[in-house]
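Undergrad: Just dropping this structure here.
The values are calculated or read from the model by the stated rules, or taken from the named source; none is laboratory data. These figures come from a predicted structure and were not determined experimentally. When we count neighbours, we look across all protein chains shown, and the Cβ atoms used for this are built from the backbone with ideal geometry, even at glycine.
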Amino acid sequence: MNQIPALIRVFAYLSILTVGGGMAAFPEMKILTVDVHHWLTFPQLIHLYSVGQMAPGPNMMMIVSIGQWAGGILGAIAVVVAFFGPTAVLAFIVAKAWKKLEKWPWRTSIQQGLAPVSIGLLLAGCFSMAKGAVTGTETAAIAVGVLLILMQYKVNPALLVLASAGVGLLTFIPK
Amino acid sequence: MTESATKPALQPDETTARAAAVSIWEIFLEFLIIGATSFGGVVPYLRGSLVTKRHWIDDKEFVEMLSISQSLPGLNATNMAVLVGEKLRGVLGSIAGIVGVCLPGGLLMFAVGIFYRQHGEHVWITAALKGVAAAAVGLILSTVVSLSKKALTHNFDFVFIAATVIAVNRLHLGVPRTLVAVGILAVLFHRPCNAQEGSVKP
């Protein structure tokens, strides 16, 4: 069954939801890729997203893995173009207009108004991921630990995620 | 916002002069390097590379472009690549920038996806990934905290944050409807005449 058209539809749609960051689209991504199209399971989605935080570059490149699973190399390419194309075109067009609107008073209003909404979307994405990722005392301790360390010290987040893989190995291997 | 934003590294005319000489290939290579080395978040690497090392844009432009990138849909990293590429060499510059910044991570996740599909059920990998996923939650929460400190301008903004979370996670309104509904309310709240009152920051 050819999944490419569905991949393009889903990821082009998710693309325009990424206001404030990729995580804003996570609740919708879970529904579409897991519940509707069954390209992967919820734990797999969480795993790919989290591993993607250790990769360099834009932090949503894990979409490549979903595209590859569902549609091979073509699927991977289709997903990347669909996910980054629409917002890239939008940024290209809007940026010029936005600069000209520097004196327009509503410009500040839009920026100030979108800030809490995008933070809320990020948090909503975080909660819907936590449902699958924070399942007990140990995982909660890791999440809180990472949060506190990042707030207190200037550590590279990718290193912390890597260290947490080590903590996971020590904690969760069945004896 | 940032201290360094007030004193750009170069005079504007000097920056423009350097920018004029940049080739599409140079843009692609620079963003490819950023895409391959930016572990743990692209934005600091962008600044180091584009402002400090290459002088393609000055600090003021960088802050301006970043604030546009954050207001628009799309990831900061790719929006910045488009904006900087556009400034240097128009459409082709944008394409060179975004392809460069996405390519290394994309190839890596392509390989990771194949490996994970074959070995994801292994007990060791499941155990490590449990730790990784929990860490990712902590990482997103820290982004929420630092964005809140930087971007919020009014105490009432926390009501909009709560409303957004409840609409998505409890009422299951979906991201688009939530974005439009809460977004319009929040922008109206911050309408021009109201912008100065009761700010968190001076």
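Undergrad: In the range A:3-122, which helices (runs of 4 or more DSSP H) lie fully inside it and hold 1 or more residues that are at the interface with chain B (Cβ under 9 Å from one of its Cβ atoms) and closer than 30 Å to B:Arg89 by Cα?
TA: In the range A:3-122, A:4-15, A:63-100 are the helices (runs of 4 or more DSSP H) which contain 1 or more residues that are at the interface with chain B (Cβ under 9 Å from one of its Cβ atoms) and closer than 30 Å to B:Arg89 by Cα.
Undergrad: Another one. Within the range B:50-86, work out how many residues are in a helix (DSSP H, G or I), touching a residue at least 40 places away in the same chain (Cβ under 8 Å) and of a type in the set (Asp, Glu).
TA: Final tally of qualifying residues: 2.
Undergrad: Are any residues in the range B:165-175 farther than 22 Å from A:Leu147 by Cα and facing chain A (nearest Cβ under 7 Å), and if so, which ones?
TA: Listed by number, the residues that qualify are B:Val168, B:Gly174, B:Val175.
Undergrad: Here's a follow-up. Output the residues belonging to the range B:9-41 that are under 21 Å from the mean Cα position of the chain (by Cα) and modelled with pLDDT under 90.
TA: B:Phe39, B:Gly40, B:Gly41
Undergrad: Spot the failing condition for A:Gln112; the list is (1) in contact (Cβ under 8 Å) with a residue 24 or more places away in the chain; (2) in contact with a strand residue (DSSP E or B) (Cβ under 8 Å, 6 or more places away or on another chain), and only one is missed.
TA: (1)
Undergrad: Would you call B:Leu141 at the interface with chain A (Cβ under 8 Å from one of its Cβ atoms), part of a helix (DSSP H, G or I) and surrounded by fewer than 23 Cβ atoms within 10 Å (Cβ to Cβ)?
TA: For B:Leu141, the condition - at the interface with chain A (Cβ under 8 Å from one of its Cβ atoms), part of a helix (DSSP H, G or I) and surrounded by fewer than 23 Cβ atoms within 10 Å (Cβ to Cβ) - is met.
Undergrad: B:His122 fails exactly one of the following numbered conditions: (1) touching a residue at least 60 places away in the same chain (Cβ under 8 Å); (2) more than 9 Å from every other protein chain (Cβ to nearest Cβ). What is the number of that condition?
TA: The number of the failed condition is (1).
Undergrad: Just to be sure, is B:Phe110 among the aromatic types (Phe, Trp, Tyr) and over 19 Å from the mean Cα position of the chain (by Cα)?
TA: So B:Phe110 fits the description; yes.
Undergrad: Could you check, for the range B:156-164, whether at least one of its residues is polar (S, T, N, Q), within 27 Å of A:Val144 (Cβ to Cβ), modelled with pLDDT of 90 or more and surrounded by fewer than 16 Cβ atoms within 10 Å (Cβ to Cβ)?
TA: For the range B:156-164, residues polar (S, T, N, Q), within 27 Å of A:Val144 (Cβ to Cβ), modelled with pLDDT of 90 or more and surrounded by fewer than 16 Cβ atoms within 10 Å (Cβ to Cβ): absent.
Undergrad: Considering each residue of the range A:16-42, count those that are within 19 Å of B:Gly74 (Cβ to Cβ), surrounded by fewer than 24 Cβ atoms within 10 Å (Cβ to Cβ) and among the polar types (S, T, N, Q), and give that number.
TA: Qualifying residue count, the range A:16-42: 0.
Undergrad: State yes or no: is A:Leu121 under 21 Å from the mean Cα position of the chain (by Cα) and of a type in the set (A, V, I, L, M)?
TA: yes
Undergrad: From B:Ala151, B:Ala127, grab the single residue that is in contact (Cβ under 8 Å) with a residue 60 or more places away in the chain and within 7 Å of another protein chain (Cβ to nearest Cβ).
TA: Answer to the check: B:Ala151.
Undergrad: Consider the range B:37-86. How many of its residues are buried (at least 19 other Cβ atoms within 10 Å of the Cβ) and among the basic types (Lys, Arg)?
TA: The number of residues fulfilling the criteria is 1.
Undergrad: Report whether or not B:Ala81 is closer than 29 Å to A:Leu147 by Cα and facing chain A (nearest Cβ under 7 Å).
TA: Against the criterion (closer than 29 Å to A:Leu147 by Cα and facing chain A (nearest Cβ under 7 Å)), B:Ala81 does not qualify.
Undergrad: I want to confirm something. Restricting to the range A:146-161 and keeping residues that are surrounded by 13 or more Cβ atoms within 10 Å (Cβ to Cβ) and more than 7 Å from chain B (Cβ to nearest Cβ), which single residue is modelled with the lowest pLDDT?
TA: Going through the qualifying residues, I end up with A:Val155.
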